[in-house]
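Everything on this sheet refers to the single structure shown next.
The values are calculated or read from the model by the stated rules, or taken from the named source; none is laboratory data. Quantities reported herein were computed from a predicted structural model and do not represent experimental measurements. We place every Cβ from the backbone using ideal geometry, glycine too, and count neighbours over all the protein chains shown. Each accessible area value is taken on the protein alone, full model and side chains, heavy atoms only, with ligands, DNA and RNA left out. Shrake-Rupley method; radii C 1.70, N 1.55, O 1.52, S 1.80 Å.
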Amino acid sequence: MNAPLLSRRGLLLQGGALVVGFSLPGRRAEAQTFAPVATTGFSKPVAPDQVDSFLALGADGRVTIFSGKVDLGTGVETAMAQIAAEELDLPLDRVTIVQGDTALTPDQGPTYGSLSIQKGGVEIRQAAATARARLVQIASERLGVPADALVSENGTVRPKAGGQGLSYADLVKDGRLDLKVDPAVKTKDPARFALVGKPVARIDIPEKMTGRFTYMQDYRVPGMVHARVVRPPAIGADLQSVDEASVANIPGLIKVVRQGNFLAVVAQKEWAAIKAAGQLKATWSKWEGLPEQDKLWQHVRATKVTKDDVTSSTGDAEAALGQAARRLEASYDFAIHTHGSIGPSCAIAELKDGLLTCWTASQMTHALRKQLAAMIGLAPEAVRCIYVEGSGCYGRNGHEDAAGDAVLLARAVGRPVRVQWSRADEHGWDPKGPPTLIDLKAGLDQQGNVTAWSSQFHIPEGAAGNVPLVAASLADLPHETTMAPGNIIGNSALPYAFPNVRTVCHRLASTPLRPSWIRTPGRMQNTYANEAFLDECAAAAGADPLDYRLRALKDPRGIEVLKRVAELAKWQARPSPVKDVAGDVLRGRGISYVKYELNRTYVAGVAEVEVNRHTGQVRVPRFFVVQDCGQIINPDGVRNQLDGNVIQTVSRVLMEEVTFDRGAVTSLDWSSYPILTFPDVPEVVIDLIDRPTEKPWGAGEPSAAIVPAAVSNAVFDATGVRVRSVPFTPAKVRAALQGA
Amino acid sequence: MAQQMSLDVNGRAAQVSVDDPDTPLLYVLRDDLGLHGPRFGCGLGQCGACTVHIDGQAVRSCITPVSSLKAGAKVVTLEGLGSPEQPHPIQAAFIAEQAAQCGYCINGMIMQSAALLNETPKPDEAAIRQALAQNLCRCGTHLRIVRAVQRAAGTL
Ligand code: FES
Ligand code: FES
């Protein structure tokens, strides 16, 4: 087995001081795979106010960047390298990125919320700029040349006037700067950018295209054994008995591990673990704690409200509704979704001499470290979590849970254990995007302008935080008892200037399946309801949907994305729906807009749809999108993210719904939870607005927010029928068409 | 009873010891031979992440028992096509198009489309989409993948 293992090369501990000298450009896995010395022995600082926490200058002229934000398949690693190389005046290939290792990287917060560049990248930029300023200062002293007469380039500082320069490695002998990050440091003038803003090729792609890349699922450690979990057939069922004899014939079986309701099998080889998991006989109690799926929305409506978050209040919406010339009212719902990463979650844990090391694809290794420590009663300092990139991650999926499983099993068998979830484990047990129900009312005046807007969002309580680990819950070990669905109240308030507005989130005490955040949590559902209902208002007013939005929008950057998407899509001003429809396939277009969380990235989109009037099948052949995320780090990376957001969200909106019976999730594979496939993938037409002198904002989520409403609005344009329930399945659309 | 088998993988003879003849080829390639190209995605034949070539045909290794391989069958994985230093033309096309987000599905995309191009050197876009209809990508990289195949076919 050619495990990619554990090189100490690159990390030399000399007299207690850390000297980083990566000598292996291009071998990414090496940088991530230091010897598992766990948590002691490192003197490398990780405090987020220290320059040395973020970077180390190598004797070989290379620089290592330590990033608390991780690449989840979005290209962040390359973007971080661009930012750091730019500030340090280095070629890109002299930068190595180490990500999400709790012993080596500062805690920059979880990798979520489209904040990697906006927050994490800016912190790295400041650290790198502070380092560069110090290098210039040291050079000035050594050369006896004033700092402003020096220039840094290609890893050296030299006099502008010419003459001998000094390399960074010469300037800082042990690679350390012992310096605080200066948040007010002058960063590079965007006019001089050589890497930022350029479509730099991704660092990870050649290895990923050739099978050399090491994903979490590929990672191996010496002496490691394989495990599979055996989950309860119903979420709250109790384990009554286990028949170990039922798996006794499996060669290489090491142990059946049982702790409370946590059950798993450990074997020498992976296939033996898979077979044993399938063959193991266990009896479980009956449990039917889930609501009936076809009464889900009644259930949501009847769930206890623990508090109301009033997210905006202007004027008197109730009174204005009463006085309106015309009133509209509608309810929207959005189904439960799974993350559906193509590779199910996987983790490895090793417990040795009281120290725990966990290799994980977690988007939040620093938070996971504390969760794992709490679960098994270790001090956080005795736990090291090391990020190893997994299959695409679109939020808090099963990675952390697999880590929890691995830790319990490593403790039970006293060897490093790799846990690979099955497809059914992933679809059944990853935390879900919760069901969302939204009631809206609007009042229009004689001219059709919105004079009153009132909305109520029925969504679970809680915010971002730690999602309780499945293993800890099943084994009844210490775990969180609150829900963490993410910051799902964002974009419930409107970007439009209406005179009387009240938007309220009713926070629910529970939701049927363990919730978490999945790409654009809440902001997608809320934008969907707002932008589709606004379209209903435009139609009631007989107005063109673009013009109707522009009338109520004051923000120039918002106006610009809307106008540009109209241009891109060759938008023809007219009210919806289309008149004079004929034929079996009806065609329409719909527009939608978001200012993400009302304080950053602007996106506008136009969906083109085809609706088969007999089958109710909706197709989205083309989608136009314009985004302004401020300063763009890598335009090709941003385009890649926009493709991904549009395609993934079209899939979610047309097809996806987690199904369940009274005990558990029943959509456990790709045939019961189908996603969009190649023949139905829309063409995505993109226009980016780059503002190099502005702050860089996130691009990983915002464009997903506009997709559901654009599709709903286009279906209305094509058919005159409003679809208000995601997913827009053929059955629902057919029923709506027949009812029309 | 462990059984010794000899396989031809990426042009080299490999000896493996298999406890169970039903062991899917995927686990032999990944766990016994340490290959990373073929990936575990579903184990159900539904996603394509595990695709390899057996005698030039694209096959889902997660549902192919190792014992079903015919004597002398030639197995080729993503690593067998090319390397970062010397990529196969289709790998080079995927790199040129930057056709990956997480890249987890890409093994299947490349292996499936390499088999397609062997049979149909100049497929049109619809034919490429059809040939990849049973390969799943969650990140939404489909458009770049199609362009990469077109580039490899010289039809871009
Ligand atoms: S892993 Fe083989 S088809 Fe999904
Ligand atoms: S690129 Fe991530 S699944 Fe396809």
Exercise. With a cut-off of at most 14 other beta carbons within 10 Å, and DSSP calling the residue loop, which chymotrypsin sites (Phe, Trp or Tyr not before Pro) in the stretch A:552-601 qualify? Please list them.
Key: none
Quiz item: Average partner chain C-beta neighbours within 10 Å, per residue of B:28-34?
Solution: 4
Quiz item: Given H placed 1.01 Å from N in the peptide plane, which residues other than close sequence neighbours of A:Leu150 have an amide H under 5 Å from its amide H?
Solution: A:Lys160
Quiz prompt | Alpha-carbon radius of gyration plus Dmax, which is the widest Cα pair, for chain A in Å | solution = 27.3, 84
Quiz prompt | Cα→Cβ-extended label distance, 7 Å offset, between A:Gln447 and A:Glu318, nm | solution = 2.9 nm
Quiz item: Roughly what % of DSSP beta bridges within chain A run antiparallel, to the nearest 5?
Solution: 75 percent
Quiz item: Spin-label point model (7 Å from Cα, Cβ direction): what's the B:Ala133 to B:Lys74 distance in nm?
Solution: 3.0 nm
Exercise. Measure off, as a whole percent, the carbon and sulfur share of the 1.4 Å-probe accessible area of the stretch B:3-80, all protein chains present.
Key: 50 percent
Quiz item: Hey, got the average number of other protein chain Cβ atoms within 10 angstrom for residues in B:16-24?
Solution: 3
Exercise. For the stretch B:45-51, take each phi angle, set θ = phi - 60°, evaluate the Karplus expression 6.51 cos²θ - 1.76 cosθ + 1.60, and give the result in whole Hz per residue in order, putting x for glycine and proline.
Key: x, 9, 10, x, 4, 9, 4
Exercise. Compute the accessible area of each residue in the stretch A:316-349 twice, once for its chain alone and once with every protein chain present, using a 1.4 Å probe on heavy atoms, and list those whose area falls by at least 50 Å².
Key: A:Ile342
Quiz item: Quick one: buried accessible area between A and B, total over both chains, 1.4 angstrom probe, nearest 100 Å²?
Solution: 5100 Å²
Quiz item: Of the accessible area of the stretch A:583-686, with the probe set at 1.4 angstrom, what percent is carbon plus sulfur?
Solution: 46 percent
Self-check item: Inter-centroid distance (Cα atoms) of the stretch A:210-259 relative to the stretch B:114-131, Å
Solution: 40 Å
Quiz item: If you roll a 1.4 Å probe over the heavy atoms of the protein chains, what accessible area per residue do you get for the protein assembly as shown, in Å²?
Solution: 34 Å²
Quiz item: With the dipole of chain A worked out from charges on the C-beta (+1 for Lys and Arg, -1 for Asp and Glu) around the Cα centre, which of A:Gln323, A:Tyr496, A:Ala139 lies farthest toward the positive end?
Solution: A:Ala139
Quiz item: What percentage of the solvent-accessible surface of the stretch A:455-509, computed with a 1.4 Å probe over protein heavy atoms, is contributed by carbon and sulfur atoms?
Solution: 53 percent
Quiz item: If you put +1 on each Lys and Arg Cβ and -1 on each Asp and Glu Cβ, how big is the dipole of the protein assembly as shown around its Cα centre, in Debye rounded to 20?
Solution: 320 debye
Quiz item: Amide H to amide H under 5 Å from A:Leu55: which residues, 5+ apart in sequence or cross-chain, H placed 1.01 Å off N in plane?
Solution: A:Phe66
Quiz item: Looking at the stretch A:273-328, which GluC sites (Glu not before Pro) are DSSP coil and have at most 16 other C-beta atoms within 10 Å of their C-beta?
Solution: A:Glu288, A:Glu292
Practice problem: Measure off 7 Å from each Cα along the Cα-to-Cβ vector at A:Glu329 and A:Ala147, then give the distance between these two points in nanometres to one decimal. | Solution: 6.7 nm
Quiz prompt | Accessible surface, 1.4 Å probe, highest first, among residues A:Asp60, A:Asp353 | solution = A:Asp353, A:Asp60
Practice problem: Taking the dipole about the Cα centre of the stretch A:88-184, with the C-beta of Lys and Arg at +1 and of Asp and Glu at -1, give me whichever of A:Leu166, A:Ile97, A:Thr111 is farthest to the positive side. | Solution: A:Leu166
Quiz item: the stretch A:475-504 to the stretch A:362-395: how many Å between their Cα centroids?
Solution: 25 Å
Practice problem: Between the chain alone and the structure with every protein chain in place, find the residues of the stretch B:39-82 that drop at least 50 Å² of accessible area; heavy atoms, 1.4 Å probe. | Solution: B:Phe40, B:Gln46
